[in-house]
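K.L.:
Below is a structure I'd like to ask you about.
The values are calculated or read from the model by the stated rules, or taken from the named source; none is laboratory data. Remember, it's a predicted structure, so these values are computed and weren't measured experimentally. Glycine also receives a Cβ, built like all others from the backbone with ideal geometry; neighbour counts cover every protein chain displayed. Areas reflect the complete protein model, heavy atoms only, side chains present, ligands, DNA and RNA absent. Shrake-Rupley method; radii C 1.70, N 1.55, O 1.52, S 1.80 Å.
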There are 2 protein chains.
Amino acid sequence: MSVQERKERERATRQRLILATARELAEQHGWDAVTTRRLAERIEYSQPVLYSHFRGKREIVGAVALEGAAELAIALRAAASAADGPRARVAALARAYLDFAQRNPAVYDAMFQLDGGLAFAQPDTPEPLKDAFAALLENLGEVAGADVDPGLFTEVFWAAVHGLATLTRTGRLPPEDAERRTELLVNRLATL
Amino acid sequence: MSVQERKERERATRQRLILATARELAEQHGWDAVTTRRLAERIEYSQPVLYSHFRGKREIVGAVALEGAAELAIALRAAASAADGPRARVAALARAYLDFAQRNPAVYDAMFQLDGGLAFAQPDTPEPLKDAFAALLENLGEVAGADVDPGLFTEVFWAAVHGLATLTRTGRLPPEDAERRTELLVNRLATL
DNA sequence: CTCGTACGTCTAGCAATGCTAGGCTCGGGT
DNA sequence: ACCCGAGCCTAGCATTGCTAGACGTACGAG
C-alpha cells in the first residue's frame with residue numbers, strides 16, 4: 001500500500017508543479033505563451049504527461065482560476081475585516097478586488113476572461129467561486145439599502161469593479177485615474 | 001485613369017465583403033471560427049488576398065471593431081434623444097448599450113474583449129471609438145453631479161455597464177436578473 | 001494590333017498550436 | 001527470477017496564422 005501512496009503523493013506534487021508553472025508562465029508572458037510544449041519543457045516532462053493530469057489546456061486554466069478564486073476570497077475578507085464602518089468596508093473591498101486583478105492579471109484572466117470550463121452562477125459551480133462571491137456578499141449586505149436584494153447588489157458591485165479592472169488593464173481606460181474612478185464608484189454604490 | 005478608379009472601387013467592395021463575411025462568421029460561430037482559410041473560402045478568394053487588405057487577423061478584428069463603434073454611437077444617441085429627462089436618459093443609455101452588446105456579441109468582443117490593435121484613451125485613438133465615448137459623455141454630464149468630472153463619471157458608467165455586459169454574456173451572472181441589475185445600477189449612478 | 005511588363009492571384013509550404021496513438025522501459029508482485 | 005502492467009516518451013496528426021514564389025492575365029506603349 002505504501003507504494004501506491006507514494007505514487008499518489010508524487011502525482012499530487014507534480015500536479016501542483018504543473019499549475020504553479022502554468023501560472024508563472026502566464027503571469028510572465030501571458031496565457032498565449034502557455035503552450036503545452038513550453039509548459040511540458042518547464043516541468044521537464046513530455047506533453048502527454050499534462051494530459052494525464054488535465055483534459056487539456058482549458059482545464060489547466062480552470063484549475064488556476066480556482067486557485068485564484070480561493071486567494072481572492074481571502075484577500076477580500078482580510079480587507080473587509082481591517083476596515084471599520086460599512087462605507088469603509090465597501091471601499092476596502094473595491095480596492096482589494098482591483099488590487100488583486102492588477103497584481104495577478106493572468107490569474108484574473110483565467111477566472112473572468114478566459115474559458116476554463118467552469119460553471120458560474122449555477123448549482124454545480126465550484127466551491128471556491130461561490131466562496132469568493134460570498135466574501136463580497138457577506139460584506140455588502142449592510143450597504144445594499146433596505147429595499148434592495150443583497151445578492152443583486154453584490155452582482156452589480158462585482159460587475160462594476162470587474163469592468164474597471166478589465167478596461168483599465170487592457171488600456172481602454174487611462175490608468176492614472178484609476179483611484180478616482182474607484183472612489184466615485186464607491187460613493188455612488190454605497191448609499192448609507 | 002478610369003481603369004485605376006475601377007480597380008480601387010472593386011478593391012473597396014472586396015474589403016467590405018471581407019469585413020461583412022468576417023463579422024457574419026464571428027456572429028454565427030464565434031471569433032475562433034474565423035480562420036483565414038474559412039474566411040478566404042467564404043469570399044471565394046485565396047488566403048493571401050486577405051493579407052493584401054489587412055496586415056493580419058488582428059487588423060480584421062480591429063476593422064470590425066471600428067464598424068461596431070460607429071453603430072454603437074448611433075444607437076446610443078438614438079436612445080438618448082428618445083428619452084426625456086436626465087434620469088430616463090441614463091436608463092435609456094444603459095439599456096441601449098447592453099442591448100447592443102447582446103445583439104452583436106461578436107462585434108462587442110472585437111471592440112472590448114479581443115485585441116484589434118486599436119489605441120484607446122490616447123491621442124491617436126481612432127475617431128469612431130472617441131465618438132462612441134462622446135455619445136455617452138454628452139448625455140451623462142447632466143447627471144454626473146456638481147462636483148464630479150463628467151469624463152470620470154462617464155468612464156465609471158461605461159465600466160459598470162461593460163462589466164454587466166461581459167459577465168452576463170459569458171454566463172458568469174444569471175441572465176434572468178439582467179434587467180433588475182440594470183435598474184439598480186442606474187438608480188445608484190444617476191443621483192439627480 | 002502586338003508585345004513586354006507589372007500587377008494581382010493562387011499553389012504550396014513554414015513554424016507553431018492542441019492533442020493523441022503506439023511502443024518502450026522500468027519497477028513491482030507473484 | 002520472471003512476467004506483466006503502469007507510466008512515460010517519441011512521433012505524428014490536423015489546424016492555425018502567415019509568407020514566398022510562380023503563374024497568368026490584362027493593361028499601356030509602340
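K.L.:
Taking the Cβ of B:E183 as the centre, find all other residues whose Cβ is under 14 Å away and add up their charges (Lys, Arg: +1; Asp, Glu: -1). Display every interim value, and only then the final one.
P.N.:
Details: positive: B:R87, B:R95, B:R180, B:R181, B:R188; negative: A:D147, A:D149, A:E155, B:E176, B:D177, B:E179.
Net charge in that neighbourhood comes out at -1.
K.L.:
Here's something else I'd like to know. When a/c is below 1.5 the answer is rounded, else prolate if a/b is larger than b/c, else oblate, so apply that to the range B:69-140 with a ≥ b ≥ c taken from the square roots of the Cα gyration tensor eigenvalues. Walk me through the numbers on the way to the answer.
P.N.:
Working: a/c = 2.74, a/b = 1.52, b/c = 1.80.
Cα axes put the range B:69-140 in the oblate bin.
K.L.:
Enter the accessible area of B:K57 (Å², nearest 10), with the probe set to 1.4 Å and all protein chains included.
P.N.:
Rounded to the nearest 10, that gives 90 Å².
K.L.:
A further question follows. Among residues other than A:R14 whose Cβ falls under 13 Å from its Cβ, what is the net charge (Lys/Arg +1, Asp/Glu -1)? Spell out each step's value before the answer.
P.N.:
Details: positive: A:R6, A:K7, A:R9, A:R11, A:R16, A:R42; negative: A:E8, A:E10, A:E44.
For residues surrounding A:R14, the net value is +3.
K.L.:
Another question, then. May I ask you to work out the translational diffusion coefficient for the range A:53-192 at 37 °C, viscosity 0.692 mPa s, via Stokes-Einstein with Rh from the Kirkwood sum over Cα pairs, reported in whole µm²/s? Provide the component values of the computation, followed by the final result.
P.N.:
Values: Rh = 15.5 Å.
Using the Kirkwood radius from Cα pairs, D works out to 212 µm²/s.
K.L.:
Could you tell me, in Å, what Rg and Dmax come out for the Cα atoms of the range A:1-53?
P.N.:
Computed over the Cα atoms of the range A:1-53, radius of gyration and Dmax are 12.4, 42 Å.
K.L.:
Just how large is the dipole of the protein assembly as shown about the Cα centre, in debye to the nearest 20, putting +1 at every Lys and Arg Cβ and -1 at every Asp and Glu Cβ?
P.N.:
1140
K.L.:
Provide a list, ordered by number, of residues in the range B:166-180 showing at least 20 Å² less accessible area with every protein chain present than when their chain is taken on its own, using a 1.4 Å probe.
P.N.:
B:L167, B:G171, B:R172, B:L173, B:P174, B:R180
K.L.:
Apply the a/c threshold of 1.5 to the C-alpha gyration tensor of the protein assembly as shown and tell me whether it is rounded, prolate or oblate. Show your work: numbers first, answer last.
P.N.:
Details: a/c = 2.18, a/b = 1.05, b/c = 2.08.
Judged from the Cα gyration tensor, the protein assembly as shown comes out oblate (a/c at least 1.5, b/c at or above a/b).
K.L.:
At A:G117, label 7 Å along Cα→Cβ: distances to the other copies, nm, ascending?
P.N.:
Spelled out, the distances from A:G117's label point are 3.3 nm.
K.L.:
Two decimals is fine: what's Rg over Rh for the range A:1-134, C-alpha atoms, Kirkwood radius as Rh? Working shown, then result.
P.N.:
Values: Rg = 17.0 Å, Rh = 16.2 Å.
For the range A:1-134, the value is 1.05.
K.L.:
Given contacts defined as C-alpha pairs under 8 Å and at least six residues apart, what's the relative contact order of the range A:1-53, whole-number percent? Could the numbers behind the result be given before it?
P.N.:
On the way: 27 pairs, mean separation 14.1, N = 53.
Result for the range A:1-53 is 27 percent.
K.L.:
Going by the rotation axis that takes chain A to chain B, pick out the residue of A with the closest C-beta and quote the gap in whole Å.
P.N.:
A:G163, 2
K.L.:
As I understand it, the dipole of the protein assembly as shown uses +1 on the Cβ of Lys and Arg and -1 on the Cβ of Asp and Glu, about the Cα centre. Which of A:G163, A:V143, B:P86 lies farthest toward its positive end?
P.N.:
A:G163
K.L.:
Ok, one more. Sort B:D177, B:D124, A:D147 by accessible area with a 1.4 Å probe, largest first. Can you show the working numbers first?
P.N.:
Working: B:D177 35, B:D124 105, A:D147 140 Å².
Putting B:D177, B:D124, A:D147 in descending order of accessible area: A:D147, B:D124, B:D177.
K.L.:
Using the Cα centre of the range A:56-189 as the reference point, and only Cβ charges (+1 on K/R, -1 on D/E), how large is the resulting charge dipole? Debye, rounded to the nearest 20. Display every interim value, and only then the final one.
P.N.:
On the way: 13 positive and 19 negative charges, 77 e Å.
Dipole magnitude for the range A:56-189 comes out near 380 debye.
K.L.:
Probe 1.4 Å, all protein chains in place: accessible area of B:D84 in Å², nearest 10?
P.N.:
My reading of the accessible area for B:D84 is about 130 Å².
K.L.:
How many Å² of accessible surface get buried when A and B come together, counting both sides, probe radius 1.4 Å, rounded to the nearest 100?
P.N.:
On the way: alone 10990 and 10980 Å², together 18960 Å².
Between A and B, the summed buried area is about 3000 Å².
K.L.:
Let me ask something else. In nm, what does the list of distances from A:A146 to its counterparts in the other copies look like, shortest first, when each label sits 7 Å along Cα to Cβ?
P.N.:
Spacings between copies for this position, smallest first, are 2.7 nm.
K.L.:
Suppose accessible area is computed on protein heavy atoms with a 1.4 Å probe; arrange A:D99, A:D32 from highest to lowest. All intermediate terms of the calculation are to be shown ahead of the outcome.
P.N.:
On the way: A:D99 55, A:D32 140 Å².
Largest to smallest exposure gives the sequence A:D32, A:D99.
K.L.:
Under 8 Å for C-alpha pairs, at least 6 residues apart: give me the relative contact order for chain A, rounded to a whole percent.
P.N.:
Relative contact order comes out at 21 percent.
K.L.:
With every protein chain kept in place and ligands, DNA and RNA left out, what is the accessible area per residue of the range A:1-53? Probe 1.4 Å, answer in Å².
P.N.:
Heavy-atom SASA per residue in the range A:1-53 reads 71 Å².
K.L.:
Could you work out [θ]222 nm for chain B from helices alone, using -39500 (n - 2.57) per DSSP H run of at least four and dividing by all its residues? Round to the nearest 500 deg cm²/dmol. Write out the running numbers ahead of the final one.
P.N.:
Values: 9 runs with 145 residues, N = 192.
One gets -25000 deg cm²/dmol as the mean residue ellipticity at 222 nm.
K.L.:
Taking a point 7 Å out from Cα toward Cβ as the label site, list the nm distances between A:Y51 and the same residue in every other copy, smallest first.
P.N.:
Nearest first, the other copies' label points are 3.0 nm away.
K.L.:
At a threshold of 8 angstrom on Cα-Cα distance, excluding pairs fewer than six apart, so keeping six or more, what relative contact order does the range A:1-101 reach in percent? Write out the running numbers ahead of the final one.
P.N.:
Numbers: 54 pairs, mean separation 17.1, N = 101.
Answer for the range A:1-101 is 17 percent.
K.L.:
With everything on Cα atoms, drop me the angle between helix A:178-189 and the longest principal axis of chain A, reported from 0 to 90° to the nearest 10.
P.N.:
Around 60 degrees separate the two axes.
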